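Trainee: Here it is: the structure, laid out below.
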Amino acid sequence: MEFRSCKEFKVGKCEGQKEVDGETMPLVLQPPEANKANFESLLLAVKNNKDWLDQMIIKHSAVLLRGYDVSKAEEFNDIVEAFGWEDIRYVGPAPRTHIYKRIWTANEGPLSEFIYYHHEMVLIKEYPKRVILYCEIPPPEGGETPIVPSFKITEKMVKEFPEEVEEMEKKGLKYTFTALSKNDTSSMRGRGWEQAFGSSDRIEAEKRANALGMDVEWLPNGAMKTILGPRCLTKVFEGRKGRRMWFNTMVGMHGKEHSSALMADGTEIAENLVKRCQEIIEEESIQFKWEKGDVLFLDNYALLHGRRPSLPPRRVLVATCK
């Protein structure tokens, strides 16, 4: 897919951009001229070029619309809806609030915490193809949303741990996660199972968890332990150059207080492998600073994303699409 320019957008630059296999991540698109920075001009440009923009999201894995006057959740929702992509409901441990139509807050866990790199909803049967973020209030310091090209992690891990990767690939992975019944906003993974599954009835919540491919154990304190597996280590998606994506959350869940990651047959994953994988992810990460009004499109099949610790205030909104 050749990059053909589009006269309704001007290609720009941002701090922290990287060339990855000859592609710029993220691709920055700006108003072609000063009088085209208003919201109406942007919405029209998006509607006129939605197929081209979709191709750019797949080609570059991330597209950042910058320099436009997108001032509120309702306008962000209009941009998301202009593409005609189907909505996908968030399922996971992050505390979030519904704002407007398809728009939610991003993880509301404490800003002082680092939200570890992940593919959105990677453990659920149906995960989003696209994650779209909008910066309403940029943080005074920190609070970046770093992104990582997933295939680069696989490349390095295969090179450094060929046998271990093959074993994990063959056996698959198994994860456990424990959620309390009520929300705990002091934790970035503090979403209670009642809200996560939309029911305070254990039987109903368990049925909904099963439908998403999870087994459930109930703990004496009323918490719900979900068991997920076997799950893949890597995945190849159509239209992405046959790249093997590191489509798992091993590092994020291994050996934590509320979660674990093992091979599906119960074999432990070596500590040094997890530690090195964590270093590789950090080495390959791309960091840029949020600006007010930024709209960032991520190809969730190709990128992991996270959140750096931040000083308040910071308000980033999100939509997830099929």
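The values are calculated or read from the model by the stated rules, or taken from the named source; none is laboratory data. Keep in mind that this is a model prediction, so the values were computed, not measured. We place every Cβ from the backbone using ideal geometry, glycine too, and count neighbours over all the protein chains shown. Side chains included, ligands, DNA and RNA excluded: accessible areas come from the protein's heavy atoms. Shrake-Rupley method; radii C 1.70, N 1.55, O 1.52, S 1.80 Å.
Trainee: Being closer than 16 Å to ARG191 by Cβ and hydroxyl-bearing (Ser, Thr, Tyr) is the filter here; which residues of the range 99-115 pass it?
Mentor: Of all residues in the range 99-115, those closer than 16 Å to ARG191 by Cβ come to 104-110, 113, 115.
Correct list: THR105 only.
Trainee: Scanning for something open to solvent by 10 Å² or more (accessible area, probe 1.4 Å) and either touching a Pro at 6+ places or on another chain (Cβ under 9 Å) or within 19 Å of ARG240 (Cα to Cα) (or both), does the range 72-81 turn up at least one residue?
Mentor: There is no residue in the range 72-81 that is open to solvent by 10 Å² or more (accessible area, probe 1.4 Å) and either touching a Pro at 6+ places or on another chain (Cβ under 9 Å) or within 19 Å of ARG240 (Cα to Cα) (or both).
Trainee: Follow-up. In the range 257-268, which residues are out of contact with any Ser or Thr (no Cβ under 9 Å at 6 or more places or on another chain) and surrounded by fewer than 20 Cβ atoms within 10 Å (Cβ to Cβ)?
Mentor: Passing the criteria: ALA264, ASP265, GLY266, THR267, GLU268.
Trainee: Please verify whether LEU298 is of a type outside the set (Ser, Thr, Tyr), more than 30 Å from GLU40 (Cβ to Cβ), open to solvent by less than 10 Å² (accessible area, probe 1.4 Å) and assigned to a strand (DSSP E or B), treating the condition exactly as stated.
Mentor: Values: of a type outside the set (Ser, Thr, Tyr): yes; more than 30 Å from GLU40 (Cβ to Cβ): no; open to solvent by less than 10 Å² (accessible area, probe 1.4 Å): yes; assigned to a strand (DSSP E or B): yes.
It is false that LEU298 is of a type outside the set (Ser, Thr, Tyr), more than 30 Å from GLU40 (Cβ to Cβ), open to solvent by less than 10 Å² (accessible area, probe 1.4 Å) and assigned to a strand (DSSP E or B).
Trainee: State the number of residues belonging to the range 25-44 that are surrounded by fewer than 18 Cβ atoms within 10 Å (Cβ to Cβ) and under 13 Å from LEU64 (Cβ atoms).
Mentor: 0
Trainee: Let me ask something additional. Check GLU282 against each of (1) under 24 Å from LYS13 (Cα atoms); (2) open to solvent by less than 50 Å² (accessible area, probe 1.4 Å); (3) without any contact (Cβ under 8 Å) to a residue 40 or more places away in the chain and name the one condition it does not meet.
Mentor: With (1) under 24 Å from LYS13 (Cα atoms); (2) open to solvent by less than 50 Å² (accessible area, probe 1.4 Å); (3) without any contact (Cβ under 8 Å) to a residue 40 or more places away in the chain applied to GLU282, the lone miss is (2).
Trainee: Of all strands (runs of 3 or more DSSP E) completely enclosed by the range 61-145, which ones contain at least 1 residues that are within 29 Å of GLY12 (Cα to Cα) and in contact (Cβ under 8 Å) with a residue 60 or more places away in the chain?
Mentor: In the range 61-145, 62-65, 103-105, 115-118, 130-137 are the strands (runs of 3 or more DSSP E) which contain 1 or more residues that are within 29 Å of GLY12 (Cα to Cα) and in contact (Cβ under 8 Å) with a residue 60 or more places away in the chain.
Trainee: Which residues, taken from the range 195-214, are in contact with a helix residue (DSSP H, G or I) (Cβ under 7 Å, 6 or more places away or on another chain) and either β-branched (Val, Ile, Thr) or outside any loop (DSSP other than H, G, I, E, B) (or both)?
Mentor: Answer for the range 195-214, where residues must be in contact with a helix residue (DSSP H, G or I) (Cβ under 7 Å, 6 or more places away or on another chain) and either β-branched (Val, Ile, Thr) or outside any loop (DSSP other than H, G, I, E, B) (or both): just ALA205.
Trainee: Being surrounded by 20 or more Cβ atoms within 10 Å (Cβ to Cβ) and of a type outside the set (Phe, Trp, Tyr) is the filter here; which residues of the range 245-256 pass it?
Mentor: Within the range 245-256, MET245, ASN248, THR249, MET250, VAL251, GLY252, MET253, HIS254 qualify.
Trainee: Quick one: would you say GLY242 is over 14 Å from TYR116 (Cα atoms) and open to solvent by less than 40 Å² (accessible area, probe 1.4 Å)? Even if it seems obvious, please write down each step before you answer.
Mentor: Numbers: over 14 Å from TYR116 (Cα atoms): yes; open to solvent by less than 40 Å² (accessible area, probe 1.4 Å): no.
For GLY242, the condition - over 14 Å from TYR116 (Cα atoms) and open to solvent by less than 40 Å² (accessible area, probe 1.4 Å) - is not met.
Trainee: Tell me yes or no: at least one residue of the range 215-235 is part of a loop (DSSP other than H, G, I, E, B), buried (at least 19 other Cβ atoms within 10 Å of the Cβ) and modelled with pLDDT of 95 or more. Let's see the steps before the verdict.
Mentor: Let us first name the residues in the range 215-235 that are part of a loop (DSSP other than H, G, I, E, B), namely 219-223, 232-234.
Filter once more, so that each one left must be buried (at least 19 other Cβ atoms within 10 Å of the Cβ): 233-234.
Those still in the list that are modelled with pLDDT of 95 or more too: 233-234.
The answer is yes, given that some residue of the range 215-235 is part of a loop (DSSP other than H, G, I, E, B), buried (at least 19 other Cβ atoms within 10 Å of the Cβ) and modelled with pLDDT of 95 or more.
Trainee: Yes or no: the range 151-159 includes at least one residue that is open to solvent by less than 20 Å² (accessible area, probe 1.4 Å) and under 29 Å from PHE197 (Cα atoms).
Mentor: No, the conditions are met nowhere in the range 151-159.
Trainee: Working only within the range 162-188, note down all residues that are aromatic (Phe, Trp, Tyr) and open to solvent by 20 Å² or more (accessible area, probe 1.4 Å).
Mentor: Once the filter is applied, which keeps residues that are aromatic (Phe, Trp, Tyr) and open to solvent by 20 Å² or more (accessible area, probe 1.4 Å), the range 162-188 yields only PHE177.
Trainee: What do you reckon, is LYS47 in a helix (DSSP H, G or I), more than 17 Å from the chain's Cα centre (by Cα) and free of Cβ contacts under 8 Å to residues at least 40 places away in the same chain?
Mentor: Spelling it out, LYS47 is indeed in a helix (DSSP H, G or I), more than 17 Å from the chain's Cα centre (by Cα) and free of Cβ contacts under 8 Å to residues at least 40 places away in the same chain.
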